[in-house]
Amino acid sequence: MSKAKADRILSGAGWLSEQPEAFRAEVLQRSKLLRYAPGDVVFRLGDPIGGIYGLVDGTVAANIAPPMSIPRLIHLGAPGHWTGEGCFFTRHPRRGELRAIVETWMMHLPLEAMDQIAALDPQAARHFAQILMVTFTTLVRVIHDLQKPEATRRIASVLNRATWIGDRPIPLSQAEFGAMANASRKQVNAALQCFAAEGWLTHTYRSITIVNAEALRLFAEKEDES
């Protein structure tokens, strides 16, 4: 992965693609491209303050928890998504954990660079704040999915949301999917067997390939229509 290619990817997807050209160019010029191996931690809950990270390619797991609790897997990052903005606004330590699941490339804009951009551009803080709104929208979807009373529909919702990572197999175990859907491994296994029989997905122990994301979405939302 070259820096030029990473710049093009982030300029065409997600938060940065929606920002003014001059601001976008400044962010990319001051950012550094980083590679993470499977299992590498980008940052942990409680880590010192730092800058933001944009997902260029690969898959990352977002784990969060209240203070004094163990972080739990809630979401998979989508290409073009940026995170870590909380430190810029609060100057408090990290409130979550980000971990690479497969080989992953991320763009990192250090906190010092964010401060420098904000000092030069009065609108920069507003631009950075839009990352918060993207995060808020994602968390609303997570909460909505978890409020479905039937486990099978929660699992369908999580599977559909996992397709945000792009057209690639989802590299999670059934236990990890269970954590995201607040379901037991037995419930996840039964749901996967059912969805596979319908032709909506295929799966192995640590990988799920979605064949029909729309069918999963419609199945998950039937409860809301009743």
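For this structure, a couple of remarks:
- His108 - accessible surface, heavy atoms, 1.4 Å probe, Å² rounded to 10: 40
- Cβ-based net charge around Asn182, under 14 Å, with every Lys or Arg adding one and every Asp or Glu removing one: +4
- The accessible area of Lys5, taken with all protein chains in place and a 1.4 Å probe, comes to roughly 100 Å².
- Taking amide hydrogens as placed 1.01 Å from N in the peptide plane, the amide H of Asp40 sits under 5 Å from those of Ala100, each at least 5 positions away in sequence or on another chain.
- Residues whose amide H falls under 5 Å from that of Ile170, counting only those 5 or more places apart or on a different chain, are Ile208, Thr209, Ile210, with hydrogens built in the peptide plane.
- Probe 1.4 Å, all protein chains present, accessible-area order of Met68, Met180, largest first: Met68, Met180
- Theoretical FRET efficiency, 1/(1+(r/R0)^6), r = Cβ-Cβ of Lys186 and Arg44, R0 35 Å, to 0.05: 0.70
- Residue-averaged 222 nm ellipticity for the chain, from DSSP H runs of 4+ at -39500 (n - 2.57), nearest 500: -14000 deg cm²/dmol
- Pairs of alpha carbons in the chain whose separation is greater than 33 Å (percent): 20
- Charge dipole of the chain (Cα centre as origin; +1 on each Lys and Arg Cβ, -1 on each Asp and Glu Cβ, all else neutral): 480 debye, rounded to the nearest 20.
- About the Cα centre, charge dipole magnitude for segment 157-226 (Lys/Arg +1, Asp/Glu -1 at Cβ), debye: 360
- Radius of gyration over Kirkwood radius for segment 109-226, both on Cα atoms: the Rg/Rh ratio is 1.14.
- Per residue, in Å², the accessible surface of the chain once ligands and nucleic acids are set aside, probe 1.4 Å: 50
- When only the Cβ of Lys, Arg, Asp and Glu is charged (+1, +1, -1, -1), the dipole of segment 1-95 relative to its Cα centre reaches about 220 debye.
- Taking the accessible area of segment 25-140, probe 1.4 Å, and keeping the other protein chains in place, the carbon and sulfur fraction comes to 60%.
- In the chain, lysine pairs closer than 26 Å at Cα, eight or more apart or cross-chain: 5
- Axis angle, to the nearest 10 degrees, between helix 185-197 and the longest C-alpha principal axis of the chain: 80 degrees.
- Solvent exposure ordering (accessible area, 1.4 Å, most first) of His203, His127: His203, His127
- C-alpha long axis of helix 111-120 to longest principal axis of the chain, angle in °: 60
- Rolling a 1.4 Å probe over the protein heavy atoms leaves Leu132 with an accessible area of roughly 70 Å².
- Note on segment 24-147: Cα convex hull, mean projected area over all directions, 7.6 nm².
- For segment 98-108, backbone phi angles converted through the Karplus equation (6.51, -1.76, 1.60; θ = phi - 60°) give residue-by-residue couplings of 10, 9, 6, 9, 10, 4, 9, 10, 9, 9, 10 Hz, Gly and Pro being listed as x.
The values are calculated or read from the model by the stated rules, or taken from the named source; none is laboratory data. On a predicted model such as this, the values are computed, not experimentally measured, just so you know. Counting neighbours? That spans all protein chains shown, and the Cβs are built from the backbone with ideal geometry, glycine included. Note: accessible area is taken over every heavy atom of the protein model, side chains too, but ligands, DNA and RNA are not part of it. Shrake-Rupley method; radii C 1.70, N 1.55, O 1.52, S 1.80 Å.
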